[in-house]
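One structure is given below, encoded as structure tokens.
Read-outs throughout are calculated quantities, based only on the coordinates presented, and are distinct from any laboratory measurement. The model shown is predicted, which means the values in this text are computed figures rather than measured ones. Here Cβ is always computed from backbone atoms with ideal geometry, including for glycine, and neighbour counts include all displayed protein chains.
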Amino acid sequence: MKMANNFQILSTEIVVAEVIALAASPRAGGLVSFVGTVRQQTQGKSVIALEYEAYAEMAERKMAEIAEQARQKWPLEGAAIHHRVGRLLLGEIAVALAVACPHRAEAFAASQFLIDTLKAVVPIWKKEIFADGEVWVSAHA
């Protein structure tokens, strides 16, 4: 599996086509991508923005580890995950990932595993900003 630049914490805009290209493989018949964006509402409150912080070096290492865990379960031919830090406005991309496997079912399953595991174990913290305040969200429950 290609590793260079596949797992990144970025302070700049995520380029989804780049994430897909990093994961793509001629040995894969299924390539699944996921893009997470800043949504306007959470738990009935209007969101103005999100702010992400990360321990970048450890986060990138953990992303590579979870990709390796996925590789133990499914025949990954490629994987890439990019997560943004800093203040993001509505509609902006917070995370993008792509997974390539020989078949689509494997690619979908691996993609689901990667995003769910990323949210559970990678040291990235999210602050939700509302018109009447802000709150750090515990993603690692």
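Does GLN112 fit the bill of being outside any strand (DSSP E or B) and farther than 30 Å from TRP136 by Cβ?
On the way: outside any strand (DSSP E or B): yes; farther than 30 Å from TRP136 by Cβ: no.
In short, no.
If a residue counts only when it is within 11 Å of the chain's Cα centre (by Cα), which strands (runs of 3 or more DSSP E) contained entirely in the stretch 15-101 have at least 1 such residues? Can you show your working first?
Numbers: elements: 30-37, 45-54, 78-84, 86-89, 93-101.
Answer list for the stretch 15-101: 30-37, 78-84, 93-101.
Say we look at the stretch 94-110 and pick out the residues that are in contact with a Gly (Cβ under 7 Å, 6 or more places away or on another chain) and surrounded by fewer than 19 Cβ atoms within 10 Å (Cβ to Cβ); which of these is nearest to GLU134 (Cα to Cα)?
Initial filter on the stretch 94-110 (in contact with a Gly (Cβ under 7 Å, 6 or more places away or on another chain)): 94-95, 100-104, 106-107.
Pick out the ones that are also surrounded by fewer than 19 Cβ atoms within 10 Å (Cβ to Cβ) and you get 102-104.
Numbers: PRO102: 43, HIS103: 42, ARG104: 40 Å.
Only one residue fits best here, namely ARG104.
Give me the residue from the stretch 115-126 that is out of contact with any Leu (no Cβ under 7 Å at 6 or more places or on another chain) and assigned to a strand (DSSP E or B) and, out of that set, surrounded by the most Cβ atoms within 10 Å (Cβ to Cβ).
As a first pass, look at the stretch 115-126 and keep what is out of contact with any Leu (no Cβ under 7 Å at 6 or more places or on another chain): 116-125.
Filter once more, so that each one left must be assigned to a strand (DSSP E or B): 124-125.
Working: ILE124: 24, TRP125: 15.
Of everything passing the filter in the stretch 115-126, ILE124 is surrounded by the most Cβ atoms within 10 Å (Cβ to Cβ).
All but one of (1) in contact with a Lys or Arg (Cβ under 9 Å, 6 or more places away or on another chain); (2) without any contact (Cβ under 8 Å) to a residue 24 or more places away in the chain hold for PRO123; which doesn't?
Of the numbered conditions (1) in contact with a Lys or Arg (Cβ under 9 Å, 6 or more places away or on another chain); (2) without any contact (Cβ under 8 Å) to a residue 24 or more places away in the chain, the odd one out for PRO123 is (2).
Keeping to the stretch 34-60, report how many residues are over 13 Å from LYS127 (Cα atoms) and either of a type outside the set (Lys, Arg) or free of Cβ contacts under 8 Å to residues at least 40 places away in the same chain (or both).
Of the residues in that region, 15 qualify.
What number of residues within the stretch 30-64 satisfy the criterion of being buried (at least 17 other Cβ atoms within 10 Å of the Cβ) and of a type outside the set (S, T, N, Q)? Walk me through it before giving the result.
Initially, the stretch 30-64 is screened for residues buried (at least 17 other Cβ atoms within 10 Å of the Cβ), giving 30-34, 38, 47, 50, 52, 54, 59-60, 62-63.
Now narrow it down to the ones that are of a type outside the set (S, T, N, Q): 30-32, 34, 38, 47, 50, 52, 54, 59-60, 62-63.
Count: 13.
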